[in-house]
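The values are calculated or read from the model by the stated rules, or taken from the named source; none is laboratory data. Bear in mind the structure is a predicted one, so any value in this text is a computation, not a measurement. For neighbour counting, all protein chains shown are included, and Cβ atoms are generated from backbone atoms with ideal geometry for every residue, glycine included. SASA here: full protein model, heavy atoms, side chains in, ligands and nucleic acids out. Shrake-Rupley method; radii C 1.70, N 1.55, O 1.52, S 1.80 Å.
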Amino acid sequence: MSHSTRITMPKLSKDLQEAICAMPTHEKDKLLLRLVARDQKLVDQLQFELLESEESLEDRKDKIGRAIYRLAHDKHYSPGWLMMDMRSVNAMITYHTKITKDKHGEIELTLRMLNEVYAHQMHHLRKATSRTRTISAYLVKRTQFVLQRLSKLHEDYYIEFEDDVNQLLQHLHTTAPAQEAQDAGIPKQWP
């Protein structure tokens, strides 16, 4: 399916809405459960919101943290393979955010991923070459994403992220993505 193709949800007529609302409760419940089961994201959101506690949020973040650790410490044969694995971990972070609405965790995990990759995969990122062009663009985009998300937080939270963000900016401006980071207007110091 192309990006331009949109799936449109059917609209319920007012008569159908009223008929559904008039159904006996046990029939509506069966219908609701059948419909919810068809959408895994909705099932996961309801599982988190209705059945899990605050500790499960940390457990979910720890699971992603282990994936970040593996990403950073695995042997990657090229910058391209490293970027593909980064995208997989980033998808985990995105899904976590959609399920939990944990915006703070989204920033924390993305920063952790980027800094861990720099800490343990620097050999892929030192110099700008034709092989690092794509991953450089990816690193710049992820950094822009983090900075954009941070701008939506209250300034009181900045202290929590300041060291990690500045470490990332230092790496970005002294390795393969340096020119792209400069061209994108990414600062060398934050905030």
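Using a ≥ b ≥ c from the Cα gyration tensor of region 35-89 (square roots of the eigenvalues), is it rounded, prolate or oblate, where a/c under 1.5 gives rounded and otherwise the larger of a/b and b/c decides, a/b for prolate?
oblate
Among Ser88, Leu50, His104, whose Cα sits farthest toward the positive end of the charge dipole of region 49-109 (+1 at Cβ of Lys/Arg, -1 at Cβ of Asp/Glu, about the Cα centre)?
In region 49-109, that residue is Ser88.
Among the listed pairs Lys75/Lys127; Lys41/Lys152; Lys75/Lys188; Lys30/Lys61; Lys41/Lys61; Lys152/Lys188, which have their C-alpha atoms separated by more than 22 angstrom in this model?
As for pairs spanning more than 22 Å Cα to Cα, those are Lys41/Lys152; Lys75/Lys188; Lys30/Lys61.
Give the separation of the Cα centroids, region 141-163 to region 72-100, in Å.
With region 141-163 and region 72-100 each reduced to a Cα centre, they are spaced 20 Å.
Scan (1) 181; (2) 107; (3) 121 for the value of volume of the Cα convex hull per residue in Å³ calculated from this model and give just the label.
(1)
Among Ile20, Ile99, Ile68, which one moves the most in a GNM of the chain with springs linking Cα atoms closer than 10 Å?
Ranking Ile20, Ile99, Ile68 by mean-square fluctuation puts Ile20 first.
Once R0 is set to 30 Å, what does the formula 1/(1 + (r/R0)^6) return for the Cβ-Cβ distance between Ser78 and Ser151, expressed as a FRET efficiency to the nearest 0.05?
Once rounded, the FRET efficiency stands at 0.35.
For the chain, the longest stretch holding no trypsin sites (Lys or Arg not before Pro) located in a DSSP loop with at most 14 other Cβ atoms within 10 Å is which?
39-74
Given the Cα-Cα distance of Glu160 and Ala184 and 0.36 nm per residue of separation, how much length would full extension add, in nm?
Fully extending the segment from Glu160 to Ala184 adds 6.2 nm.
Could you tell me what percent of the accessible area of the chain is made up of carbon and sulfur, with a 1.4 Å probe and every protein chain present?
53 percent
Could you derive backbone 3J(HN,Hα) for region 89-106 from the dihedral phi with the Karplus parameters 6.51, -1.76 and 1.60 (θ = phi - 60°), listing whole Hz in sequence and x where the residue is Gly or Pro?
For region 89-106, the Karplus curve yields 5, 4, 4, 5, 5, 4, 5, 3, 5, 5, 6, 9, 6, 8, 5, 4, x, 4 Hz.
Using Cα pairs closer than 8 Å and at least 6 residues apart in sequence, work out the relative contact order for the chain, in percent.
Rounded, it is 18 percent for the chain.
Excluding ligands, DNA and RNA, what is the solvent-accessible area per residue of the chain at a probe of 1.4 Å, expressed in Å²?
66 Å²
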